Amino acid sequence: MRKHVYIDPKCLATSLIPTALEEYHKEVSGYLIGSNGTGRFKVVSAYPIQSDIKMPTWVETGNESAVRRVNKLMKTMRMRLVGGFHSHPLGPPRPSRNDIDFIRERLDEHSLQQWLEIIVSVRKKDYLTRHSTGWQLHQYENKLGMTIKTSPWTGFGVTLSGFWIPSSGRIREATLWTSRRCNF
Ligand SMILES: [Zn+2]
């Protein structure tokens, strides 16, 4: 179980953040793909599951056979599944009891001892005064944050937190980090 988890900035910019923002008022979920290297623990890609049923405070599998097809594809192509992610549009940046039970039921299916779950908390901000568009990355003790101002009047605050979930026993928060120079 690695404490430090490096998230490739391209994975943040082209998958995790846009997936959470596209339907920012609904929960979305997906898989995390890790690198096969032996060095630092790295998340290189995130796949959003499209057949999910997405609601403001929960997300669930909408089509079991579609998800099985994705699972088989990842095995066939030797992608290293390390866990998953889901968004919490209004909820706290930590997994709920239901999240943990759902993940634990799936560990065997993926032949994993532990699962890394990233929670993407999204909050839309409406500004009363005009702001310049742009984005900023924030590195907190264990979490990553992003402020993204997509228009002079609207922005999004995004917080990513990671948790190692073993089949039983204590859940530990991972320290998420990424490159300071996010040249997407
Ligand atoms: Zn949740």
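The values are calculated or read from the model by the stated rules, or taken from the named source; none is laboratory data. Values in this document were obtained by computation on a predicted structure and should not be read as measured data. Positions of Cβ are generated from backbone atoms using ideal geometry, with glycine treated the same way; all protein chains shown enter the neighbour counts.
Does I53 meet the test of being touching a helix residue (DSSP H, G or I) at 6+ places or on another chain (Cβ under 8 Å) and at pLDDT below 95? Before you say what the answer is, go through the steps one by one.
Details: touching a helix residue (DSSP H, G or I) at 6+ places or on another chain (Cβ under 8 Å): no; at pLDDT below 95: yes.
Criteria not met by I53.
How many residues are closer than 23 Å to L73 by Cβ and out of contact with any Pro (no Cβ under 7 Å at 6 or more places or on another chain) if we restrict to segment 21-40?
Keep residues of segment 21-40 that are closer than 23 Å to L73 by Cβ, which gives 22, 28-37.
With the extra rule that they be out of contact with any Pro (no Cβ under 7 Å at 6 or more places or on another chain), the set shrinks to 22, 29, 31-37.
So the answer is 9.
Would you say T154 is out of contact with any helix residue (DSSP H, G or I) (no Cβ under 9 Å at 6 or more places or on another chain), surrounded by 15 or more Cβ atoms within 10 Å (Cβ to Cβ) and hydroxyl-bearing (S, T, Y)? Explain how you work it out, then say what you get.
Values: out of contact with any helix residue (DSSP H, G or I) (no Cβ under 9 Å at 6 or more places or on another chain): yes; surrounded by 15 or more Cβ atoms within 10 Å (Cβ to Cβ): no; hydroxyl-bearing (S, T, Y): yes.
Here the answer is no, as T154 does not meet what is asked.
Between Y24, Y47, which is aromatic (F, W, Y) and in contact (Cβ under 8 Å) with a residue 60 or more places away in the chain? Lay out the reasoning, then the answer.
Values: Y47 fails: in contact (Cβ under 8 Å) with a residue 60 or more places away in the chain.
Result of the check over Y24, Y47: Y24.
Are there any pairs, at least 6 apart or on different chains, whose C-beta atoms fall under 7 Å, with the first in segment 113-139 and closer than 17 Å to G84 by Cα and the second part of a loop (DSSP other than H, G, I, E, B) and among the β-branched types (V, I, T), and if so, which?
Cβ pairs passing all conditions: none.
On the given criteria, is H138 part of a loop (DSSP other than H, G, I, E, B) and more than 16 Å from the ligand (Cβ to nearest atom)?
No.
Have a look at S96, S111, S45 and point out the one that is over 30 Å from G157 (Cβ atoms), among the small types (G, A, S), out of contact with any Lys or Arg (no Cβ under 8 Å at 6 or more places or on another chain) and modelled with pLDDT of 85 or more. Even if it seems obvious, please write down each step before you answer.
Values: S96 fails: over 30 Å from G157 (Cβ atoms); S45 fails: over 30 Å from G157 (Cβ atoms).
Being over 30 Å from G157 (Cβ atoms), among the small types (G, A, S), out of contact with any Lys or Arg (no Cβ under 8 Å at 6 or more places or on another chain) and modelled with pLDDT of 85 or more holds for just one of S96, S111, S45, which is S111.
Does I103 satisfy the criteria of being touching a residue at least 40 places away in the same chain (Cβ under 8 Å) and touching an Asp or Glu at 6+ places or on another chain (Cβ under 7 Å)? It would help to see each step written out before you state the result.
Values: touching a residue at least 40 places away in the same chain (Cβ under 8 Å): yes; touching an Asp or Glu at 6+ places or on another chain (Cβ under 7 Å): yes.
Answer is yes for this residue.
Within segment 77-86, can one find any residue that is under 25 Å from S151 (Cβ atoms) and either exposed (fewer than 13 other Cβ atoms within 10 Å of the Cβ) or in contact with a helix residue (DSSP H, G or I) (Cβ under 9 Å, 6 or more places away or on another chain) (or both)? Step through it out loud before you land on a result.
We begin by selecting, within segment 77-86, every residue under 25 Å from S151 (Cβ atoms); these are none.
Within segment 77-86, not a single residue is under 25 Å from S151 (Cβ atoms) and either exposed (fewer than 13 other Cβ atoms within 10 Å of the Cβ) or in contact with a helix residue (DSSP H, G or I) (Cβ under 9 Å, 6 or more places away or on another chain) (or both).
Would you mind listing the strands (runs of 3 or more DSSP E) fully within segment 144-184 where at least 3 residues are under 19 Å from P18 (Cβ atoms)?
On the way: elements: 144-151, 154-166, 172-177.
Passing ranges, in order: 144-151, 154-166.
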